[in-house]
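Here the structure is laid out as structure tokens; the discussion comes afterwards.
The values are calculated or read from the model by the stated rules, or taken from the named source; none is laboratory data. Please read these numbers as outputs of a predicted model, since none were measured by experiment. Here the Cβ positions follow ideal geometry from the backbone for every residue, glycine too, while neighbour counts run over all protein chains shown.
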Amino acid sequence: MRDLIFISLENWDGVWRRNQFLCAEWLRRFPGMRLLFVGRSRDVSHSLRKGDSSVFSQPAQQKVEELPGLTILNPLKLLPNSLPPGRWLNQQVLLAEIRRASQRAGLRNPLLWINDHFAAPLVGRLGERAVIYDVTDDWTLMSSIPAPERERIRAADTALCKKADLVVVCSEALERSRKPSCRKLVRVPNGVDAARYGQGADQTGSRSGAGPKTFGYLGTLHSDRLDLELITTLAQRRLSDRVVLCGPDLLTAAERVRLNASSNIELRPAVNYKEVPQVLESFDVCILPHLCTPFTESLNPIKLWEYLASGKPVAATPVAGFRDYSHLFHLGKGGADFLGACEKALLEDGRLVGVRMREAARHSWRARADDLLEVFRQEGWMARSPMRRTRTQPGTRRTLGRAEMPVGQPDMCASGGG
């Protein structure tokens with residue numbers, strides 16, 4: 001596998017998303033690979049406005065003991081991006097820091113993987129072999145982002161779609177919207193490390209027993225995703241039960257007050273990825289009370305695969321991804337329908353537990369990495385040879401997401417392939 005520069009929208013921390021799972025899979029598979037993971041910038045101007053000087057003492061680079069090939073970089077951001085001069089200076093600093101960190105880490109002729117839509121100015125300036133743009137959310141559809149900022153995102157996203165040698169998307173909606181602007185596009189959904197889940201899965205169908213029940217959600221807490229009305233309705237109708245919401249908290253103060261007004265709603269911190277299986281095991285029913293909007297239609301929620309892997313009963317709104325598994329989940333849109341779905345999930349007899357877990361096993365992160373490596377092999381991006389930027393005709397696409405390949409498959413890197 002090639003050395004890789006990964007420009008991320010998020011930091012490398014305990015809350016793992018698509019970025020971390022794919023990077024970790026490649027690093028474990030290819031011990032000689034070197035990967036520079038560029039996380040969020042250390043924002044100097046913002047920190048100074050808050051009276052916080054700790055940004056200067058935070059390390060720019062870090063290593064991760066269990067992944068020796070990984071270097072994490074958090075570059076400096078000196079000025080706000082609200083004005084063009086600030087954006088230009090920040091881009092120059094970012095470029096210089098990435099070049100310096102790449103040299104120190106010994107990266108040669110790397111692939112450039114971009115998840116940050118504002119990273120288009122880096123293309124062609126890092127000695128990269130090829131550019132991959134990975135789109136996981138349609139930020140242009142988020143109602144909470146001011147219209148001028150959404151326009152900036154739309155312009156940056158379009159520019160990257162046109163510049164990238166390969167655009168990777170996770171959902172059908174993103175595939176439809178991005179395809180016209182791309183040279184080549186593949187759809188690779190999210191996945192799950194299924195072997196870590198379901199160790200204590202209850203297949204006895206005893207969920208209707210006495211005692212309070214826990215309806216649990218695990219994911220980002222944000223009003224562009226969560227239907228707060230649906231959550232409060234569930235809590236009010238089931239006063240003797242608990243509604244637990246775990247995840248990075250991006251709610252406003254008013255939204256938090258609204259949820260805390262119900263004594264049986266619990267807001268919990270983000271969960272370390274290693275603890276996700278145990279947290280899901282503590283739920284009687286996994287819930288996905290998402291809004292049905294164009295933004296949520298663009299998603300392929302990782303919790304879809306995690307919920308399947310847990311084997312737990314699931315009540316969800318009919319959003320993208322979950323609709324494909326209506327035979328394994330209970331779907332309901334609106335208060336009465338969603339409450340009915342929760343009740344059906346609670347009364348399950350256990351026959352679907354094993355079916356869900358087996359389905360999840362077909363969608364591992366290993367399989368997703370295999371799909372991407374096959375594309376890299378076809379494009380000639382795997383062997384260590386002089387830079388060659390291949391070009392594909394506009395509009396070309398592939399849809400991936402196959403089942404897990406056998407563990408004993410050959411190492412394509414050794415044969416000049418994946």
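The residues in the range 42-69 that are over 20 Å from ASP13 (Cα atoms), among the hydrophobic types (A, V, I, L, M, F, W, C) and surrounded by 13 or more Cβ atoms within 10 Å (Cβ to Cβ) can be counted, and the count is 1.
Looking at the range 309-342, which of its residues are at pLDDT 95 or above, charged (D, E, K, R) and within 23 Å of ARG238 (Cα to Cα)?
At the first step, the residues of the range 309-342 found to be at pLDDT 95 or above are 309-332, 336-342.
From what is left, the residues that are charged (D, E, K, R) are 312, 323-324, 337.
Residues satisfying the conditions are LYS312, ASP337.
The numbered conditions (1) touching a helix residue (DSSP H, G or I) at 6+ places or on another chain (Cβ under 9 Å); (2) assigned to a helix (DSSP H, G or I) are all true for GLN278 except (1). Could you say which residue among GLY32, GLY39 is under 29 Å from PRO80 (Cβ atoms), out of contact with any Lys or Arg (no Cβ under 8 Å at 6 or more places or on another chain) and surrounded by fewer than 21 Cβ atoms within 10 Å (Cβ to Cβ)? Of GLY32, GLY39, the one residue that is under 29 Å from PRO80 (Cβ atoms), out of contact with any Lys or Arg (no Cβ under 8 Å at 6 or more places or on another chain) and surrounded by fewer than 21 Cβ atoms within 10 Å (Cβ to Cβ) is GLY39. Evaluated against (1) of a type outside the set (Phe, Trp, Tyr); (2) part of a strand (DSSP E or B); (3) in contact (Cβ under 8 Å) with a residue 60 or more places away in the chain; (4) farther than 16 Å from ALA316 by Cβ, LEU267 falls short on exactly one condition, (3). The set of residues in the range 207-243 being touching a Lys or Arg at 6+ places or on another chain (Cβ under 9 Å) and assigned to a loop (DSSP other than H, G, I, E, B) consists of ARG207, PRO212, LYS213, GLY219, ARG238, SER240, ASP241. Here the helices (runs of 4 or more DSSP H) wholly within the range 1-114 that include at least 3 residues being free of Cβ contacts under 8 Å to residues at least 40 places away in the same chain, over 18 Å from the mean Cα position of the chain (by Cα) and within 30 Å of VAL271 (Cα to Cα) are 44-49.
Looking across the range 313-330 at every residue that is assigned to a loop (DSSP other than H, G, I, E, B) and touching a Lys or Arg at 6+ places or on another chain (Cβ under 8 Å), the one that is surrounded by the most Cβ atoms within 10 Å (Cβ to Cβ) is identified as PRO313. Among the residues of the range 90-109, the one identified as basic (Lys, Arg) and under 14 Å from PRO121 (Cβ atoms) is ARG99.
Between a residue in the range 195-221 that is modelled with pLDDT under 60 and any residue that is part of a loop (DSSP other than H, G, I, E, B) and hydroxyl-bearing (Ser, Thr, Tyr), which pairs come within a Cβ distance under 6 Å, given they are 6 or more apart or on different chains? From the range 195-221, no pairs qualify. Taken over the range 123-178, the criterion of being of a type in the set (S, T, N, Q) and surrounded by fewer than 19 Cβ atoms within 10 Å (Cβ to Cβ) is satisfied by SER143, SER144, THR158.
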